Amino acid sequence: MKKIYSRPQSLYDVVTHYCPGCGHGIVHKLVAQVVDELQIREKVIAVAPVGCAVLAYDYWNFDCTEAAHGRALAVATGIKRMRPETVVFTYQGDGDLAAIGTNETIHTANRGENLTTIFINNAVYGMTGGQMAPTTLLGQKTTTTPHGRKEQEGRPLKISELLAQLEGVYYVERVSLHTPQQVINAQKAIKQAFQNQIEEKGFSLVEILSPCPTYWNCSAQEAMDWIAEFMVKEFPLGRIK
Amino acid sequence: MAKMRINQQKCKGCLLCINVCPQKLIEKDDKINNKGYTPVKSIYTKQNCSGCCLCAIICPECCIEIER
Amino acid sequence: MKSNNKENCFRKVLMTGNDAIAEGALRAGCRFYAGYPITPQNELTSYMAIHMPEYQGVFIQAESELAAINMVFGASAAGFRAMTSSSSPGISLKQEGISYLAGCELPAVIVNIMRGGPGLGNIAPAQSDYFQATKGGGHGDYHSIVFAPSSVQEAYNLMFAAFYLADKFRTPVMILGDGMLGQMMEPVVLHSAPLEFSENIDKPWALTGCKDRNPNVIRSLYLKEGALEALNERLQKRYQMIEKTQQRFEEDFVNDAQVIVVSYGAMARIVKSVVKKLRQRKLKVGYIRPITLWPFPVKAFNRKKTTVKYLVVEMSYGQMVEDVCLSVPDKKKVYFLGRAGGAIPDTGQITRKIYKLLR
């Protein structure tokens, strides 16, 4: 019998620190699978900013750097401009990319930097204990919107649609993880985003709706269902650019 | 015929795989692993594993391997 | 003027401080510059925009000073000599980035052409960022090596030392100029790298893609118990080595001096002119000019004669004066004269103060 599904070479065989049912674990695997498939493990450099996934270098078997909160795309710009032959990607959460780092996100995209961004949208700040994020839904309870997010606390930020307006942006797709089929779509989008960089097409971003059972206060399956029922309505899936 | 192998020491008992398995071949185990989680285990019924890999795809811990 | 052709290598060229710093950086091997507009250092940024491409380097005008220092972080992490420049308010924005550079043990050069503060301040020269630069403006126990040039030539020269020591000690290095030094023009000899700073330092830790090696990780997050302490101890050992080996200063007329005037940067030029004039009047006055503000040149202050009075003159309300007090046996012998907000202590004030101290 032959192994038809196993751990990718680019993923260390260790237990992660992520909570049970967390989307980060799935996406780490997808990124590692794509890196293996495109045979770029020896050329790829990851930039992991502050967030639950800042420890990604404990799981990926390739070069990686941390970045200050919100500054991953500036760090990635510095790396990519000096080593265009490498494949540089950032792996950012919603707070990092669409709150503190919005300026870097917009201007890096606007410069059309030849980079790949994996954007994990789980509608909360996970690492710090479940606070409101720019993508928190209206009415969604978090530790800083105890009675549900109200409009003057901002509406769910459609950063992907925003970025799609910029000419420097080549590819924007929003995918999800709430079923195996969605996970397969997510992997295709991630592969496309990396492929774009290899073909020097410019800035590619994949937004991934990701479950956070711990701070959505529900089980892993309920989190997946919540994405399917609510998040997908607010953040429609599909190719945006 | 395919075979599913679950690394119970890496499983965190999120149970996502149970719901996606079309043949219902996965169940909660009753013992606790060394991280303190209750892992899942594969069970043997009339149905057998078709190697569809849905369980491995959804698994956040990458602790399920499929052979065929 | 094509900047890197060889024949003007020993000719004197009239340049501003800002331009000379940029030229020095390029010749010292800086191949990445990210900046953001802020007076009084804008000419440095545009000089890089013009000449960095001649060296096949990368110039980026970033969307903010925050982005600029983090781009420098990236270029440095990739193994290249990288630099940013700004002026006081912009340097405040870069403090977190500088702390990350220190924590990740990454080399980089940060130029601060200081201006009047606090807040928006003005665009006149000042030295009010001394504490920020030497006591670590960002979070955590770290130091940047801090150089304070007092002439356009010295500003050019120090770039070679700055990039070399940054690589050697894997630390951020700051150049503290000010609006006066940045804007004024002086003849400069564009010599190439001095021997002591031209040795190439390899960077096995750099991010280049993990071909034929284990993956490199650049980080400053250490959660495991004792891990961050271990990093800090590694940094502290390095800082002690820097303190022992890199103290730089200039001094004159100090052996028989009753009053020694201590000042740095552009301020020191005015002080020197006063000291020289008073020496002609046979007054026993000398001067010490720290060139490294960190490590502070403590060596310059241990002398047997304990009756010496020190007059510290700064374009601030007294910051380096504290380091002088720490460096002398009796801080009651340390006096201060300072003006800030863009005002500069003038020769008359300094002379009157010295006369008072000599009585």
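The values are calculated or read from the model by the stated rules, or taken from the named source; none is laboratory data. Remember, it's a predicted structure, so these values are computed and weren't measured experimentally. Please note: Cβ atoms are built from the backbone with ideal geometry, for glycine as well, and neighbour counts cover all protein chains shown. Heavy atoms of the whole protein, side chains included, go into the accessibility calculation; ligands, DNA and RNA do not. Shrake-Rupley method; radii C 1.70, N 1.55, O 1.52, S 1.80 Å.
The figure for C:Met241 is an accessible area of roughly 90 square angstrom, using a 1.4 Å probe on the protein chains alone.
Using every Cα-Cα pair within chain A, state what percent have a distance larger than 28 Å.
Result: 24 percent of Cα pairs exceed 28 Å.
What number, in percent, do you get for the relative contact order of segment C:65-121 if the mean sequence gap of Cα pairs under 8 Å and at least 6 apart is divided by its residue count? Working shown, then result.
Values: 67 pairs, mean separation 24.0, N = 57.
It rounds to 42 percent for segment C:65-121.
For segment A:161-188, accessible area lost to neighbouring protein chains reaches 20 Å² or more, against the chain alone with a 1.4 Å probe, at A:Pro180, A:Val183, A:Ile184. For C:Cys210, the residues whose modelled amide H falls within less than 5 Å of its own, excluding neighbours fewer than 5 places apart on the same chain, are A:Lys43, A:Val44, A:Asp63. Take the Cα of A:Lys241, go 7 Å toward its beta carbon, and the backbone nitrogen atoms of segment A:113-127 under 13 Å from that spot belong to A:113-115, A:117.
Solvent exposure of A:Trp216, expressed as accessible area, is near 30 Å², computed with a probe of 1.4 Å over the protein chains only. Cys residues of chain B that find no other Cys beta carbon under 4.7 Å: B:Cys11, B:Cys14, B:Cys21, B:Cys49, B:Cys52, B:Cys53, B:Cys59, B:Cys62, B:Cys63.
Here A:Arg7 sits with roughly 80 square angstrom of accessible surface, probe radius 1.4 Å.
For the pair A:Ser219 and B:Ile32, label points projected 7 Å from Cα toward Cβ lie 2.0 nm apart. Averaged over the residues of peptide C:49-60, the number of Cβ atoms from other protein chains lying within 10 Å of each residue's Cβ is 1.
What percent do you get for the relative contact order of chain B when only Cα pairs under 8 Å and 6+ apart count? Each step should come with its number before you reach the end.
Working: 125 pairs, mean separation 31.3, N = 68.
This gives 46 percent for chain B.
Ignoring ligands, DNA and RNA, how much accessible area is buried between chains C and A, both sides summed, with a 1.4 Å probe, to the nearest 100 Å²?
2700 Å²
On full extension of the chain, what length is gained from A:Asp36 through A:Glu200, given 0.36 nm per residue of separation minus the C-alpha to C-alpha distance?
Working: separation 164, 0.36 × 164 = 59.04 nm, distance 1.93 nm.
Once the chain is fully extended between A:Asp36 and A:Glu200, it gains 57.1 nm.
What translational diffusion coefficient, in µm²/s and rounded to a whole number, does the Stokes-Einstein relation yield for chain B at 25 °C and a viscosity of 0.890 mPa s, taking the hydrodynamic radius as the Kirkwood radius over Cα pairs? Rounded, D is 208 µm²/s. Using a 1.4 Å probe over the heavy atoms of the protein chains, calculate the carbon and sulfur portion of the accessible area of segment C:6-245 as a whole percent. About 56 percent, which is the carbon plus sulfur part of the accessible surface.
Size descriptors for segment A:50-176: radius of gyration and Dmax over Cα atoms are 15.1, 49 Å.
Surface composition of segment A:24-239: carbon and sulfur atoms hold 51% of the protein heavy-atom accessible area at a 1.4 Å probe. Between segment A:9-37 and segment C:275-341, the alpha-carbon centres lie 59 Å apart. Put simply, the amide H of C:Phe147, placed in the peptide plane, has neighbours under 5 Å in C:Met174, C:Ile175, C:Leu176, C:Leu293, leaving out anything fewer than 5 places away on its chain. Taking the C-alpha atoms only, the angle from helix C:227-245 to the longest principal axis of chain C is near 50 degrees.
What is the gain in length, in nm to one decimal, between C:Tyr317 and C:Asn214 on full extension, counting 0.36 nm per residue of separation less the C-alpha to C-alpha distance? Kindly include the intermediate steps, with their values, before the conclusion.
Working: separation 103, 0.36 × 103 = 37.08 nm, distance 5.14 nm.
Fully extending the segment from C:Tyr317 to C:Asn214 adds 31.9 nm.
If DNA, RNA and ligands are ignored and the probe is 1.4 Å, what is the ranking of C:Glu225, A:Glu234, A:Glu85 by accessible area, most exposed first? Don't skip to the end; give the middle numbers.
Values: C:Glu225 190, A:Glu234 65, A:Glu85 100 Å².
Descending accessible area places them as C:Glu225, A:Glu85, A:Glu234.
If you take all other residues with their beta carbon under 15 Å from the beta carbon of B:Tyr44, and give Lys and Arg +1 and Asp and Glu -1, the sum is +3.
B:Ile32 sits among other residues whose Cβ lies under 13 Å from its own Cβ, and their net charge, with Lys and Arg +1 and Asp and Glu -1, is +3.
Excluding ligands, DNA and RNA and using a 1.4 Å probe, chains B and A jointly bury around 2400 Å² of accessible surface, summed across both partners.
Taking every C-alpha pair closer than 8 Å and separated by at least 6 residues, the mean separation divided by the residue count of segment A:24-239 gives a relative contact order of 18 percent. Counting only Cα atoms, the size of chain C along its three principal axes is 71, 54, 41 Å, in decreasing order. Of the GluC sites (Glu not before Pro) found in segment A:140-221, those that fall in a DSSP loop while having at most 14 other beta-carbon atoms within 10 Å are A:Glu167, A:Glu199, A:Glu200. Close Lys pairs in segment C:6-245 (alpha-carbon distance under 30 Å; sequence gap of 8 or more, or different chains): 24.
Computed from backbone phi, the HN-Hα couplings of segment A:115-127 come to 10, 10, 10, 9, 10, 8, 9, 10, 6, 8, 8, x, 4 Hz, rounded to whole numbers (Karplus: 6.51 cos²θ - 1.76 cosθ + 1.60, θ = phi - 60°; Gly and Pro given as x).
Using a simple spin-label model with pseudo-atoms 7 Å out from Cα toward Cβ, B:Asn48 and A:His147 lie 6.1 nm apart.
Looking only at segment C:130-166, which residues have a backbone nitrogen under 12 Å from a spot 7 Å from the Cα of C:Thr245 in the C-beta direction? Within reach of a label on C:Thr245, which here means backbone N under 12 Å from a point 7 Å along Cα→Cβ, segment C:130-166 contributes C:165-166. Remark: segment C:183-188, residue by residue, has Karplus-estimated 3J(HN,Hα) of 8, 7, 10, 8, x, 9 Hz, where x stands for each Gly or Pro and the curve is 6.51 cos²θ - 1.76 cosθ + 1.60 at θ = phi - 60°.
Comparing Cα centroids, segment C:137-192 and segment C:110-136 end up 14 angstrom apart. Electrostatic tally near C:Ser150: other residues with Cβ closer than 9 Å to its Cβ, Lys and Arg +1, Asp and Glu -1, net +1. Annotation: aspartates and glutamates with alpha-carbon distance below 18 angstrom to C:Lys299 (same-chain offsets under eight excluded): C:Glu243, C:Glu250, C:Glu251, C:Asp252, C:Asp256, C:Glu322, C:Asp323, C:Asp330. FRET efficiency for the C:Gln258 to C:Ala227 pair, using the beta carbon distance and R₀ = 60 Å, is estimated at 0.70. Taking the three principal axes of the alpha carbon atoms in segment C:249-358, the coordinate ranges are 34, 32, 23 Å, sorted in descending order.
Stick to Cα atoms and the Kirkwood definition of Rh, then tell me Rg/Rh for the protein assembly as shown.
Working: Rg = 29.3 Å, Rh = 27.3 Å.
Ratio of gyration radius to Kirkwood radius: 1.07.
Cross-link partners of B:Lys35 among aspartates and glutamates, defined as those whose alpha carbon lies under 17 angstrom from its own and excluding same-chain residues fewer than eight positions apart: A:Asp13, B:Glu61. Between C:Lys168 and C:Asp330, the C-beta separation translates, for a Förster distance of 51 Å, into a calculated FRET efficiency of about 0.90.
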